[in-house]
1. Have a look at B:2, B:45, B:10, B:71 and point out the one that is touching a strand residue (DSSP E or B) at 6+ places or on another chain (Cβ under 8 Å) and surrounded by 16 or more Cβ atoms within 10 Å (Cβ to Cβ).
2. Report the residue count in region B:15-40 for those that are within 14 Å of residue B:109 (Cα to Cα) and more than 13 Å from the chain's Cα centre (by Cα).
3. If you check every pair at least six apart or on different chains, which have Cβ atoms under 6 Å apart with a residue in region A:94-114 that is within 7 Å of another protein chain (Cβ to nearest Cβ) and in a strand (DSSP E or B) first and a residue that is crowded, with 21+ Cβ neighbours inside 10 Å and at pLDDT 90 or above second?
4. How about region B:37-114: which strands (runs of 3 or more DSSP E) wholly inside it have at least 2 residues that are without any contact (Cβ under 8 Å) to a residue 40 or more places away in the chain and more than 8 Å from chain A (Cβ to nearest Cβ)?
5. Being away from every other protein chain (no Cβ under 12 Å) and either without any contact (Cβ under 8 Å) to a residue 24 or more places away in the chain or touching a strand residue (DSSP E or B) at 6+ places or on another chain (Cβ under 7 Å) (or both) is the filter here, so list the residues in region B:13-26 that pass it.
């Protein structure tokens, strides 16, 4: 596609529910990143894929967070048993030049946990 | 570890006036530096980047930034702002040592007043 596409754009979940956020990267981009952006703050790194391989998941805040990219294209970020502190915008980015940090971002999925 | 400090959380500025957004980084290795802009309810868009070479880099929408290694700074400037420049601006750093992950500052909100 023309850009990175994320869905849903907005998600409201009750505390304890599981959520799944989808990212469709730019066609041909082998690198895919997930970031978490809390209100009024800069994005924080969560995890990184190169093709289907998850090369870095050091930023995932707890074992309730899980990401996958089984066919090296679309990625899903799953949050189990959501907590209020998980409320944030989740940004997905892709790149074909990740060796320099140049990323193309989607519009984000805003998660609100009640 | 690498980090980014954006000294100003908010910068009000009148239309057609110049603006400078300050960014300082901390890293013990060679870095790549970026400025991203985020308009309301949108993803991050790359304004400009420093990878190597000339320390003065020019980006989109009339923005420019200067890499100063001795002061570990990468300040963003525009000589004359427009109402449409109202947005949040993020400075970011990456390096090979950090696995090319982008580390963002906390952001500077620019409000252009007529």
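The values are calculated or read from the model by the stated rules, or taken from the named source; none is laboratory data. Please read these numbers as outputs of a predicted model, since none were measured by experiment. Note: ideal-geometry Cβ built from the backbone for every residue, glycine included; neighbour counts use all protein chains shown.
1. Numbers: B:45 fails: surrounded by 16 or more Cβ atoms within 10 Å (Cβ to Cβ); B:10 fails: surrounded by 16 or more Cβ atoms within 10 Å (Cβ to Cβ); B:71 fails: surrounded by 16 or more Cβ atoms within 10 Å (Cβ to Cβ).
Of B:2, B:45, B:10, B:71, the one residue that is touching a strand residue (DSSP E or B) at 6+ places or on another chain (Cβ under 8 Å) and surrounded by 16 or more Cβ atoms within 10 Å (Cβ to Cβ) is B:2.
2. In the first step, residues of region B:15-40 are kept if they are within 14 Å of residue B:109 (Cα to Cα); the result is B:19-23, B:35-40.
Now narrow it down to the ones that are more than 13 Å from the chain's Cα centre (by Cα): B:39-40.
Of the residues in that region, 2 qualify.
3. Sorted first by the residue in region A:94-114, then by its partner, the pairs are A:105/A:91; A:105/A:93; A:105/B:44.
4. Details: elements: B:44-50, B:56-58, B:64-68, B:73-78, B:87-94, B:108-113.
Ranges flagged: B:44-50, B:56-58, B:64-68.
5. Within region B:13-26, B:13, B:14, B:15, B:18, B:19, B:20, B:21, B:22, B:24, B:25, B:26 meet the criteria.
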